[in-house]
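Notes for the one structure printed next.
The values are calculated or read from the model by the stated rules, or taken from the named source; none is laboratory data. Predicted model only: the values in this text are computed from it and were never measured. Here Cβ is always computed from backbone atoms with ideal geometry, including for glycine, and neighbour counts include all displayed protein chains.
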Amino acid sequence: MSFFYKGELVHIFISIFTITLAFSINFLQDFFLVLFTVGLGFFLHEMGHKAAAIRYGAVAVYRAWMWGLVMAVFLAAATHGRFVFAAPGAVYIWKENLTRREDGIISLAGPVMNVLLAVFFFYLLYAFGSIPLVFAISVPGIYVNLFLALFNLIPVYPLDGSKVWAYNPGLWALVTVPLGIAFLLLL
């Protein structure tokens with residue numbers, strides 16, 4: 001059995017391309033920088049959910065939300081890149097009797113992937129930051145991925161944080177509070 005279902009990679013590609021375009025619309029020369037930071041962060045976030053869901057025996061399929069993608073590009077174009085709200089899609093999970101614990105851990109897996117990616121970018125910055133290209137990728141890579149993790153941990157449905165909070169508010173706080181402090185220190 002394949003990790004990806006029929007048509008799923010097309011949905012992922014369309015989502016990555018569209019959000020990369022939306023976030024680089026004001027500076028198209030930054031397209032590949034945004035692809036490597038926002039696009040990679042988005043992809044690993046969704047694949048974190050998918051892998052965790054599969055681990056719990058669920059069927060998990062990413063589907064793009066076309067209206068959310070259109071809205072992202074429209075808002076970016078209308079505001080000359082000053083405001084982008086992207087709702088590109090989600091991993092849809094099906095499992096009979098999915099427990100609150102499983103749902104909470106599956107929901108936490110996406111933001112954890114963003115934190116791990118931010119740590120990777122921090123390592124790149126620390127080890128190779130004197131190289132201009134590495135610096136140019138690492139700094140936004142850290143910021144974007146911490147932001148994606150924090151935003152998704154807001155405990156409001158349908159965001160991941162609502163499911164983590166429903167499962168275990170202490171776990172939610174244990175992850176979110178230090179992440180929020182780290183993000184504020186980097187501003």
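Of Leu125, Leu146, which residue is without any contact (Cβ under 8 Å) to a residue 60 or more places away in the chain and under 20 Å from Ala173 (Cβ atoms)?
Just one listed residue meets the conditions, Leu146.
Restricting attention to segment 171-181, does a residue exist that is surrounded by 14 or more Cβ atoms within 10 Å (Cβ to Cβ), touching an Asp or Glu at 6+ places or on another chain (Cβ under 6 Å) and of a type outside the set (Val, Ile, Thr)? Within segment 171-181 (the criterion being surrounded by 14 or more Cβ atoms within 10 Å (Cβ to Cβ), touching an Asp or Glu at 6+ places or on another chain (Cβ under 6 Å) and of a type outside the set (Val, Ile, Thr)), the answer is no, since none of the residues qualifies. Quick one: Tyr157 ticks every box in (1) under 19 Å from Ile93 (Cβ atoms); (2) under 15 Å from the mean Cα position of the chain (by Cα); (3) not in a helix (DSSP H, G or I) except a single one, so which number is it? Failed condition: (2). Taken as a whole, the condition of being touching a Lys or Arg at 6+ places or on another chain (Cβ under 7 Å) and under 26 Å from Val115 (Cβ atoms) does not apply to Ala52. Selection over segment 79-119 of residues that are small (Gly, Ala, Ser), within 15 Å of Lys50 (Cβ to Cβ) and in contact with a Phe, Trp or Tyr (Cβ under 9 Å, 6 or more places away or on another chain) gives a count of 3. Condition check for Ala87 on (1) touching a Ser or Thr at 6+ places or on another chain (Cβ under 7 Å); (2) modelled with pLDDT under 95; (3) hydrophobic (A, V, I, L, M, F, W, C): one failure, at (1).
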